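Reading through the structure tokens given below for one structure.
The values are calculated or read from the model by the stated rules, or taken from the named source; none is laboratory data. Source: prediction; values computed, not measured. Here the Cβ positions follow ideal geometry from the backbone for every residue, glycine too, while neighbour counts run over all protein chains shown.
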Amino acid sequence: MTIEEYIESKREEMVETLARWVRIPSVKGEPSQNAPFGKEVRRCLDTAIADLTRLGFSADDVDGYALRADMGEGSDEDALAILGHLDVVPAGDNWDNEPYSATIKDGKIFGRGTSDDKGPVIASMYAMAAVKAAGIPLKRKVSLILGCDEECGMDDIEYYVKHRTLPREGFSPDAAFPVINTEKGIIHALLTGKQDNSGLVISEMNVGSRPNVIPGEASAVINVPDRIKAVAVINDYALENRISEKLEDVSEGKLRITVFGKLGHAAMPEDADNALVKLLGLLRALGAKGAVKTLADAFCPGYDGSGLNIRCEDQISGKLTENIGVLNIDESGNVTATLDIRFPISMSEDALIKTFGSVLNKGGVDYEITHLKHAHHVPAESELVRALVDSYSEVTGKRGYAYAIGGGTYAACLECGVAFGATHEGEPDMAHQANEYIKLEELVQNALIYAKAIAALAGK
Ligand SMILES: [Zn+2]
């Protein structure tokens with residue numbers, strides 16, 4: 001039997017398996033015996049073990065943190081890893097159908113986890129089974145590793161590394177095609193400073209939710225001893241900088257300004273428009289001093305880092321980008337804000353921190369690094385990337401290539417790991433969205449792509 005024939009014969013079985021998995025709401029829950037991420041995640045793990053056993057693999061339960069199913073012989077370290085996950089984020093609102101119903105409509109299967117990451121995991125599982133059914137002899141071990149805590153903290157991989165040997169090389173079907181071989185580094189910092197009331201007095205400002213979210217709306221309440229003059233400044237500034245804003249009188253001498261932008265993710269600032277940055281510029285024009293002015297000076301020049309003296313780029317990963325995602329001012333005039341930086345692989349994180357730190361310090365703003373993720377890169381010329389690109393091209397008929405992103409993927413857990421699928425080019429990224437789905441045709445096609453990749457990288 002060929003790989004193609006096997007996968008074709010398993011179409012319905014794959015869809016049925018995915019539907020069963022999606023009906024398990026494997027959101028992180030209360031830990032219990034052998035279920036460190038809650039009973040639903042445990043139930044999904046048991047279901048996966050049963051399905052893998054049915055396909056002829058013996059699955060190793062890594063104490064409820066992860067599972068591993070192997071094929072072929074060889075050391076764990078040299079195995080080809082396929083790294084996916086069984087946990088899902090909560091369903092959230094605005095679904096047309098019940099999020100765990102696995103509704104099939106218009107050639108798609110809808111439900112939380114269909115595309116992130118249960119569908120791609122099932123495609124990988126049947127890809128391994130196809131290679132086995134086709135009788136392709138293997139030169140190395142292939143290890144399917146399924147984590148149970150990808151969405152909240154990655155304690156699964158931390159545990160795995162302590163109790164098993166993680167392969168050096170592999171791919172993760174937990175992002176997008178063709179191949180993501182470069183992930184910029186990420187720095188998060190908490191910025192703190194003081195309001196200077198000798199300038200504009202800001203009596204209320206609470207903007208944003210998370211460091212990695214670009215606020216689409218930002219507002220502040222300011223004291224306006226001279227309302228006419230303040231409104232004139234606001235109108236001039238808004239006109240000159242093409243800002244859309246709204247003014248409301250809160251009480252005598254107090255004005256609320258709301259500025260509108262476009263909500264987005266810090267990894268893709270080019271698709272968004274930071275409303276907080278616009279508001280900072282406006283507050284500076286109104287006479288804000290102290291930390292607010294320092295932050296306006298740092299962020300208004302653009303998200304390329306120029307205001308922080310850290311503008312840089314390299315050929316492989318592109319430009320550095322930054323985002324101010326949150327800003328709060330409390331009653332005592334304490335200003336706190338968050339900074340998110342996505343930096344190119346060739347940059348030293350220490351040098352970056354030193355440079356932007358000194359710019360902020362000079363303006364009376366302190367910083368504390370709250371999160372640091374090293375940049376990650378696997379060369380495009382490597383055997384791994386070339387084989388994946390070729391498998392993708394062969395099955396889809398499209399040109400394959402490797403590219404860089406500003407976000408992080410599960411693949412970075414592997415020393416030589418790349419993300420490979422499963423969102424197709426031109427398709428919306430449905431991960432964490434309402435009405436998450438995967439096209440049935442793509443589920444089957446993905447299995448074929450992964451099977452070709454396994455045969456190329458682990459076949460004799
Ligand atoms: Zn995922």
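Each residue in the range 401-443 was checked for being among the polar types (S, T, N, Q) and more than 16 Å from the ligand (Cβ to nearest atom), and 1 pass. Consider I345 against the criteria (1) part of a loop (DSSP other than H, G, I, E, B); (2) among the β-branched types (V, I, T); (3) within 16 Å of Y303 (Cβ to Cβ): it satisfies all of them except one. Which criterion is unmet? Among (1) part of a loop (DSSP other than H, G, I, E, B); (2) among the β-branched types (V, I, T); (3) within 16 Å of Y303 (Cβ to Cβ), I345 violates only (3). Note on the range 231-269: residues that are free of Cβ contacts under 8 Å to residues at least 40 places away in the same chain and more than 21 Å from R284 (Cα to Cα) total 2. Might you let me know whether the range 289-302 holds any residue that is at pLDDT 95 or above, basic (K, R) and closer than 28 Å to V201 by Cβ? Yes, the conditions are met somewhere in the range 289-302. Residues in the range 137-159 that are of a type in the set (A, V, I, L, M, F, W, C) and buried (at least 19 other Cβ atoms within 10 Å of the Cβ): L138, V142, L144, I145, L146, C148, I157.
For the range 143-155, the set of residues classified as under 17 Å from D76 (Cβ atoms), more than 12 Å from the ligand (Cβ to nearest atom) and of a type outside the set (A, V, I, L, M) consists of S143 only. Annotation: G135 fulfils all but one of (1) over 12 Å from A455 (Cα atoms); (2) away from the ligand (no atom under 16 Å from the Cβ); (3) not in a helix (DSSP H, G or I); (4) not aromatic (F, W, Y); the unmet one is (1).
Looking at Y450, Y367, Y403, which is the one that is in contact (Cβ under 8 Å) with a residue 60 or more places away in the chain, within 26 Å of Y6 (Cα to Cα) and in contact with a strand residue (DSSP E or B) (Cβ under 9 Å, 6 or more places away or on another chain)? Unique residue meeting the criteria: Y450.
Filtering T165, T103, T192, T182 for residues that are surrounded by fewer than 20 Cβ atoms within 10 Å (Cβ to Cβ), β-branched (V, I, T) and touching a Gly at 6+ places or on another chain (Cβ under 9 Å) leaves a single hit, T103. When every residue of the range 174-186 is checked against the conditions, none turns out to be within 30 Å of G29 (Cα to Cα), touching a Leu at 6+ places or on another chain (Cβ under 7 Å), within 14 Å of the ligand (Cβ to nearest atom) and not in a strand (DSSP E or B).
The lone criterion from (1) over 23 Å from W21 (Cα atoms); (2) touching a Ser or Thr at 6+ places or on another chain (Cβ under 9 Å); (3) away from the ligand (no atom under 16 Å from the Cβ) left unmet by A451 is number (1). Determine if the range 118-127 includes at least one residue that is closer than 19 Å to K28 by Cα, within 16 Å of the ligand (Cβ to nearest atom) and modelled with pLDDT under 95. No: the range 118-127 contains no residue that is closer than 19 Å to K28 by Cα, within 16 Å of the ligand (Cβ to nearest atom) and modelled with pLDDT under 95.
In this structure, does A134 turn out to be in contact (Cβ under 8 Å) with a residue 40 or more places away in the chain and buried (at least 18 other Cβ atoms within 10 Å of the Cβ)? Here the answer is no, as A134 does not meet what is asked. If the condition is being of a type in the set (S, T, N, Q) and within 20 Å of A91 (Cα to Cα), then the range 395-437 contributes T423, Q433, N435.
Per the listing P344, P379, the residue uniquely modelled with pLDDT of 95 or more, farther than 24 Å from A220 by Cβ and crowded, with 19+ Cβ neighbours inside 10 Å is P344. Within this structure, I82 passes the test of being over 25 Å from N435 (Cβ atoms), assigned by TED's automatic domain parsing to the domain that holds G417 and in contact (Cβ under 8 Å) with a residue 24 or more places away in the chain.
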